[in-house]
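Engineer: Supplied in C-alpha cells, the structure appears directly below.
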Amino acid sequence: MEIKWLKRLAFLVIVIVFTCCKNGRQGISENNNLIFKDPALKEITQRIDKDPQNAGLYYQRGSMLHRMKQDTLALTDFKKAISYDSTQAAYYSAVGDLLFEHKDISGSLKWLQKALELNKEDPAAHLKIAKLLIYTSDYPKAFSEINTVLRRDINNPEAYFLKGMIYKNIKDTGKAISSFQTAINNAPQYKDAFIQLGILYAAKKDPIALKYYDNAFKLDTLDVSPLYDRGMYYQNQGRYEEAKAEYKNCILHDPQYPDAYFNIGWILMQEDSLDKARRQYDLVTQIAPDNADAYYNRGLCSEMMGKKDDAIADYKQTLAFDKNYQKATEALKRLGAK
C-alpha cells in the first residue's frame, strides 16, 4: 500500500511540474496590485524573474503571500518550489498546512506524510499532524506528535500552544492557561496564545482578559477581532454601554467588520431601540449580503415595529441563504405568509 501511495504521490509531483506557471510573475499576475503595494513582494518577484528555477525563492514568496492571506497564490508558489526541489520537507509541510487551514483534511495529510518521509524529525510536519488530530479529537495521538517535537526542542512555542488547545477542549482550564502562557514566554509575539488566554479568562469573568486582548491587538493592528472580543467580554456580563463602545472602536479600525455592527444591533434590540437596531442590521447586509442572521434579526425588528411586509421579505431572504433556518420558517407561519 505504501509503495502504491508513493507512486501516486510521485505522479502528482510530475503533474505539478507540468502545470505550474512558467515564470515567476505568472502566478502573481492574478493580482498584480500586490506587487506594487508591497515592496518586499515586488523585490522577491524580481529575484524570481532573474532566477526562475530557484525553489527557495518560490517558497519564500509563498510564505509571504500566505501571511497576506493570498492563499491561492501561495499554494501555487509552494507547489512550484516542490517542482524544482522535491527533497525539502518544509515545502510539503507548507502545502499541508495551507490545505488544513482550508478544511481539506485528507489532502493535507498526504502532504504532511510526504514531509515526514523526507525528514522524520520535521517539527513542522509533526505539529501540523497534531493539528489534524486535534481537529478530529484524537488527543492521545496529538499529544504523541507534540511530545515528539518537545523532546528535540523543549522551547517550541507552537507545541505548547497546541497542548493548550487540547487542554482547553477537554475543559482543563488550569493546564490550558499554563500551556498558553509557556507559549508566550517562549515567543512573546505569539498573538493566538494571547487571544486564547483572553478567551479563557473572559469565561471566568476575570478582567485580565482585557489585557490579553489588548496585547493581541497591539501585535497585529490589522486584525480587529481582539477588539470585538473585548466587546463580547462586556456584553456577556450585561455591560452594554461598555460593549457598544468596544464595538464602535472595532468599527473605527475596520469599517467592514460585520459582527461588530450585528452585536450593536442586538444590544439595541435589548434596549428597545428597534429602529436603530434595524439600521445596524442594514449595514451588516451591505457588508455581508449572505448573512442569514442579519436578515432574520432585521425582520424581527420590522415585525416588532408593525412592518409586516418588510418582516416577511426579510424572513424569506433568511431562508434563501439558509433553508433550514427554523426561526424564520416559524416567523413566516406566525405572520400568515405563504
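Engineer: Applying the selection to segment 234-251, what residues are among the hydrophobic types (A, V, I, L, M, F, W, C) and more than 21 Å from residue 206 (Cβ to Cβ)?
Structural biologist: The answer is 250, 251.
Engineer: So, one more: Being buried (at least 21 other Cβ atoms within 10 Å of the Cβ) and either basic (Lys, Arg) or farther than 15 Å from residue 299 by Cα (or both) is the filter here, so list the residues in segment 268-285 that pass it.
Structural biologist: 278
Engineer: Also, I was wondering about something else. Can you report the number of residues in segment 190-206 which are of a type in the set (A, V, I, L, M) and in contact with a Leu (Cβ under 6 Å, 6 or more places away or on another chain)?
Structural biologist: Here is the first cut: in segment 190-206, the residues of a type in the set (A, V, I, L, M) are 193, 195, 197, 199-200, 202-203.
Those left that are additionally in contact with a Leu (Cβ under 6 Å, 6 or more places away or on another chain): none.
Residues flagged as of a type in the set (A, V, I, L, M) and in contact with a Leu (Cβ under 6 Å, 6 or more places away or on another chain) within segment 190-206 amount to 0.
Engineer: If we scan segment 214-228, do we find a residue that is over 29 Å from residue 255 (Cα atoms) and loosely packed, with under 14 Cβ neighbours inside 10 Å?
Structural biologist: So far as segment 214-228 goes, no, none of its residues is over 29 Å from residue 255 (Cα atoms) and loosely packed, with under 14 Cβ neighbours inside 10 Å.
Engineer: Just the residues that are under 20 Å from the mean Cα position of the chain (by Cα) and touching a residue at least 24 places away in the same chain (Cβ under 8 Å), please, taken from segment 101-132.
Structural biologist: 101, 102, 105, 108, 124, 125, 127, 128, 130, 131, 132
Engineer: Still on this structure, I have one more. Being outside the structural domain of residue 285 (by TED's automatic domain parsing), free of Cβ contacts under 8 Å to residues at least 12 places away in the same chain and farther than 24 Å from residue 154 by Cβ, is that true of even one residue in segment 169-179?
Structural biologist: yes
Engineer: With respect to residue 187, determine if the residue is in contact with a Leu (Cβ under 9 Å, 6 or more places away or on another chain) and surrounded by 14 or more Cβ atoms within 10 Å (Cβ to Cβ). Step through it out loud before you land on a result.
Structural biologist: Working: in contact with a Leu (Cβ under 9 Å, 6 or more places away or on another chain): no; surrounded by 14 or more Cβ atoms within 10 Å (Cβ to Cβ): yes.
No; evaluated as a whole, the condition is false for this residue.
Engineer: Would you list the helices (runs of 4 or more DSSP H) that sit entirely within segment 157-252 and hold 3 or more residues that are β-branched (Val, Ile, Thr)? Please lay out each step first, then the result.
Structural biologist: On the way: elements: 157-169, 173-186, 191-203, 208-219, 225-235.
Qualifying helices (runs of 4 or more DSSP H): 173-186.
Engineer: Among the numbered criteria (1) within 25 Å of residue 295 (Cα to Cα); (2) not in a loop (DSSP other than H, G, I, E, B), which one does residue 255 miss?
Structural biologist: Unmet for residue 255, out of (1) within 25 Å of residue 295 (Cα to Cα); (2) not in a loop (DSSP other than H, G, I, E, B): (2).
Engineer: Out of the helices (runs of 4 or more DSSP H) lying entirely within segment 46-141, which hold 3 or more residues that are at positive phi and not β-branched (Val, Ile, Thr)? Lay out the reasoning, then the answer.
Structural biologist: Working: elements: 55-67, 71-84, 89-101, 105-118, 123-135.
By residue number, no helices (runs of 4 or more DSSP H) qualify.
Engineer: Tell me yes or no: at least one residue of segment 169-176 is farther than 24 Å from residue 256 by Cα and touching a Lys or Arg at 6+ places or on another chain (Cβ under 6 Å).
Structural biologist: Yes, segment 169-176 contains a residue that is farther than 24 Å from residue 256 by Cα and touching a Lys or Arg at 6+ places or on another chain (Cβ under 6 Å).
Engineer: Residues of segment 233-250 being hydrophobic (A, V, I, L, M, F, W, C) and either buried (at least 19 other Cβ atoms within 10 Å of the Cβ) or assigned by TED's automatic domain parsing to the domain that holds residue 304 (or both), which ones? Before the answer, list the steps.
Structural biologist: Taking segment 233-250 as the starting set, the residues that turn out to be hydrophobic (A, V, I, L, M, F, W, C) are 243, 245, 250.
Residues satisfying the conditions are 243, 250.
The values are calculated or read from the model by the stated rules, or taken from the named source; none is laboratory data. Keep in mind that what you see is a predicted model, and the values were worked out from it rather than measured. With ideal geometry, Cβ positions are generated from the backbone for all residues, glycine too; neighbour counts draw on all protein chains shown.
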